[in-house]
Amino acid sequence: MRLLNTSTLGFTEVFEPDLPPYAIVSHTWTADEINHQEFVRAGQDEQYRETVLQKTGFAKIERSCRIARESGLSYLWIDTCCIDKTSTSELSEAINSMFRWYQYSTVCYVYLEDVDVTHMRQYPLDALSQCRWITRGWCLQELLAPDSLQFYDKDWQAVVTKHDFAAQLSQATNIDVGVLSGSVKLGTVVVARRMSWASSRRTTRLEDQAYCLMGIFDVTMPMLYGEGSKAFLRLQHEIFEATHDLTIFAWSPPETCHDRYLPLFAPSPKSFASCATVDAELGQIIGSALPGRSQFSVSKQHLIANSIALDFSEPSRCNWLNVASPGRNTTCALYLKKVGPGLFVRIRPPLSPPESSALAIHSEREEQATIYLTPDPVLFPKFDAAHALGIQIRIVETLGSSLWIQRGNIQPASSFDFSRSMFLAQGTEAFAAYLGCAVRFTDTTIHQFVAMAVLNNQGRLWADLVQNEVLDNMARSIPDRFMIIRRFAASNRNLSLKGPDSCKEIRLSEYYVRMRVAKAWMDGQPIFRLNFAMGPLRIGQ
């Protein structure tokens with residue numbers, strides 16, 4: 001770290017952790033700033049020095065040094081001349097260290113070049129909202145990091161401190177008063193909420209939208225100017241790897257975006273504008289929903305989650321992952337479409353719910369899920385057709401009975417889309433499905449039966465409905481039963497139901513369960529339906 005001596009205006013290099021007390025400056029750049037090379041040359045060339053002395057950038061340095069000196073501080077840091085920006089390594093080190101440098105400072109002087117002290121004191125919120133400093137990306141960490149922060153107007157008149165001005169600053173920036181006053185630690189605020197503070201700020205370089213936020217999330221990464229928007233994607237990777245905070249997925253796409261399938265990570269901080277009210281105590285919810293950081297891993301193409309807690313409910317009837325405190329913000333659910341065994345892609349919240357299957361599935365809904373980070377448009381047609389030739393389980397008539405399925409009785413579970421009560425069978429040459437069901441009638445007795453289906457590579461479906469005892473004679477364990485059904489598929493052995501409109505009925509004591517095969521359409525794709533009806537037998541049956 002290169003510090004400026006406030007008396008001699010000479011440079012001194014210091015290294016963490018042995019830093020002397022120093023002041024630091026937060027400001028917005030103008031065209032008349034003095035860089036490191038100019039400052040060094042001015043100290044060696046008297047003629048050139050006269051040119052430098054005429055610049056407003058020098059007046060900024062000289063005045064801030066005077067204030068620091070009068071406060072008993074011998075050193076000062078300012079980004080204009082204390083960083084040699086011609087050195088890539090030095091620039092990278094400075095950017096990765098800058099949050100700490102502001103944090104370790106004795107005091108930070110905020111110079112508001114477009115604010116008048118009278119206006120600031122009479123109309124503080126108006127003055128803050130209109131000043132350029134409040135809109136700049138780099139100035140966010142310069143507001144958050146220092147404990148002691150003093151504002152100065154355009155004539156270097158002291159206006160107010162951060163602690164005295166916390167309420168007005170909070171209104172102007174949407175940053176919690178507790179964070180500004182220091183009573184709430186920055187690291188305890190969820191990721192989406194911190195991102196929202198940067199959503200309306202601007203940077204000159206596109207990459208700086210990411211680089212200026214690294215300290216706020218306590219991550220570091222190499223500087224690659226020229227990578228454009230990829231910098232913000234890299235930042236989100238680093239943040240998620242460090243925190244596993246699911247609120248990073250709580251962003252909303254812009255209204256101009258009409259893509260059917262969305263990336264997991266946001267394209268820019270602007271996408272988090274709606275996340276200012278995400279619950280600040282969400283960390284506890286994340287911890288209880290998905291304990292252990294080993295649950296997640298991130299590759300170049302996918303987020304892989306072991307035992308992820310998915311849910312689905314009315315009115316969306318869509319796979320979704322709760323990523324924020326319920327009821328606080330509509331953007332806090334990550335909506336997913338299942339497009340293959342254990343494979344998901346992010347989608348928009350559905351405008352209208354799909355037709356309900358009225359099927360109760362008793363399950364913890366924990367799945368091993370692989371979610372596309374940035375879905376390739378080439379794959380969109382495949383995603384569109386994910387439900388083609390699927391086998392949907394649907395309840396059409398109950399007559400006082402209730403039917404449910406235990407999660408362990410669904411095979412293959414990785415191919416079952418819980419939100420649609422459907423097996424995804426596309427791309428499988430001989431797909432076999434097993435569904436262990438339980439039904440309770442009005443006499444409270446629970447009966448068990450099994451539905452099974454086989455779909456061959458010509459799109460022909462066979463299905464059957466049998467009592468539990470029948471399969472018990474063949475195999476008692478569910479995996480063994482499923483292997484038997486797979487052998488049916490491999491041998492094309494005919495089951496009871498052959499194609500649409502065929503029907504099978506079994507009797508369970510004084511009740512019946514009927515399954516009818518039907519063809520239907522979903523999202524423009526042909527599917528099969530196994531429609532169930534249950535009820536008491538009529539007299540004489």
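The values are calculated or read from the model by the stated rules, or taken from the named source; none is laboratory data. Worth saying up front: this structure is predicted, and the values here are computed from it rather than measured. Counting neighbours? That spans all protein chains shown, and the Cβs are built from the backbone with ideal geometry, glycine included.
Things worth noting here:
- Residue 120 of a type in the set (A, V, I, L, M, F, W, C), out of contact with any Leu (no Cβ under 8 Å at 6 or more places or on another chain) and assigned to a helix (DSSP H, G or I): no
- Residues of segment 134-149 classified as assigned to a strand (DSSP E or B) and within 19 Å of residue 67 (Cβ to Cβ), total: 1
- Qualifying residue in segment 158-173 (condition: at negative phi, out of contact with any strand residue (DSSP E or B) (no Cβ under 8 Å at 6 or more places or on another chain) and β-branched (Val, Ile, Thr)): yes
- Any hit, segment 225-240, residues being within 18 Å of residue 136 (Cα to Cα) and touching a Cys at 6+ places or on another chain (Cβ under 9 Å): no
- Residues of segment 502-541 classified as buried (at least 19 other Cβ atoms within 10 Å of the Cβ) and charged (D, E, K, R), total: 2
- Counting only helices (runs of 4 or more DSSP H) wholly contained in segment 31-97, the ones carrying 1 or more residues that are surrounded by 14 or more Cβ atoms within 10 Å (Cβ to Cβ) and at pLDDT below 90 occupy 36-44, 46-53.
- Residues located in segment 159-172, provided they are under 28 Å from the mean Cα position of the chain (by Cα) and surrounded by fewer than 21 Cβ atoms within 10 Å (Cβ to Cβ): 170, 171, 172
- Test: residue in segment 151-158 that is closer than 14 Å to residue 216 by Cβ, touching an Asp or Glu at 6+ places or on another chain (Cβ under 9 Å) and surrounded by fewer than 20 Cβ atoms within 10 Å (Cβ to Cβ): no
- Of the strands (runs of 3 or more DSSP E) contained entirely in segment 326-386, those carrying at least 1 residues that are over 15 Å from the mean Cα position of the chain (by Cα) and at pLDDT 85 or above fall at 333-340, 343-347.
- Qualifying residue in segment 124-135 (condition: over 26 Å from residue 35 (Cα atoms), assigned by TED's automatic domain parsing to the domain that holds residue 33, of a type in the set (A, V, I, L, M) and buried (at least 16 other Cβ atoms within 10 Å of the Cβ)): yes
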